[in-house]
Amino acid sequence: MGTTSLALKVYLILGFELVVLYGCMFFIIQQCKRAFYANKTFLGIAFAEAINQNKQTDICIVQTKATTLFFFWLILFAIISMWTATAFIIFSASFIQFIFMTISAIGYGTFIGFMIMDADENDGMVGLKAATLTTAAMFVVVSVTGINFANLIFVPTISLLILSLIIWELIGLVRGISRLASKIKAVLGIITFSMSLLASISRVNVISEEGLNDWNTAIDLAFGMYLDIINLILYYIDLMSS
């Protein structure tokens, strides 16, 4: 009963946050498309038509100083909301944790929606579908195999891979990287956060067996999976846009 109860709490929280995240993404994409076909702007952003390499219509965001400033503040809001949610999950009560986690989902959902439109909404949607299928597959793997991926070999390996990704990202910001290197980095990111999601799912079972079954623990576990899923989405979109 304890295991089921904790798992139910975790997946209720995670499910709600993913609904908010995906809802914001699809809302932004829909509104951008609607504005383009109506020859209007959305949040002051104008759109133009292009054709991608597959001869599909690609709705492009018209880059201006205003849009650059808008995206700067949007990215800043997404990052700050994520770090704020992390801080509150560590130091605060469950209700406040939930509120800031939801704010973070709104911020990142909006950011990813515009990111898909800015790259190529056709490839972006393929990347989003692939990330969703990968997420579902990781739950199936843990459920079918019964393997505890939150072990002393798997988790340190994930930590080393995440550190490698951080270093790679920093080098890319300073020196820039080629298209091939960008693709390799995206594939490494997908592998890393797929592994991390496996470990996060396994943690639910491990912590349940330890007898913990409170909302703070549930939010902590859900937040870990939420971060893995966001990173999966970002790296899939990065791979498609590369």
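Quick note: the coordinates plus some simple rules give every number you see, no bench work behind them. On a predicted model such as this, the values are computed, not experimentally measured, just so you know. Using ideal geometry, Cβ is built from the backbone for each residue, glycine included, and neighbour counts are taken over all protein chains shown.
Numbers for the structure displayed
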item	result
Sorted by Cβ neighbour density within 10 Å, fewest at the top, the residues Glu209, Glu17	Glu209, Glu17
About the Cα centre, charge dipole magnitude for the chain (Lys/Arg +1, Asp/Glu -1 at Cβ), debye	500 debye
Along each principal axis, Cα extent of the chain, largest first, Å	57, 38, 33
Leading residue at positive end of dipole, the chain (Cβ point charges), from Thr102, Gln56, Thr217	Gln56
Cα-based reach from Lys65 at 21 Å (exclusive), listing lysines while leaving out same-chain residues under 8 positions away	Lys40
Selection from Asn148, Met82, Leu170, by position along the positive dipole direction of the range 45-176 (Cβ)	Asn148
Cα-based reach from Lys55 at 21 Å (exclusive), listing lysines while leaving out same-chain residues under 8 positions away	Lys33, Lys129
Long-range HN-HN contacts of Asp58 with modeled amide H, under 5 Å	Ala50, Ile51, Asn52
Packing-based exposure ordering (other Cβ within 10 Å, fewest first) of Lys55, Lys40, Lys185	Lys55, Lys40, Lys185
Chain lengthening between Phe27 and Ala181 when straightened (0.36 nm per residue, less Cα-Cα)	52.2 nm
Separation in nanometres of the label points that stand 7 Å from Cα toward Cβ, at Lys129 and Thr64	3.4 nm
Distance between the range 160-185 and the range 26-50 - C-alpha centres, whole angstrom	32 Å
Scattering curve values for the range 69-117, log₁₀ I(q)/I(0), Debye with Cα scatterers, q = 0.14 Å⁻¹	-0.35
Theoretical gain in end-to-end length, Asn122 to Lys55 [0.36 nm per residue, Cα-Cα removed]	23.0 nm
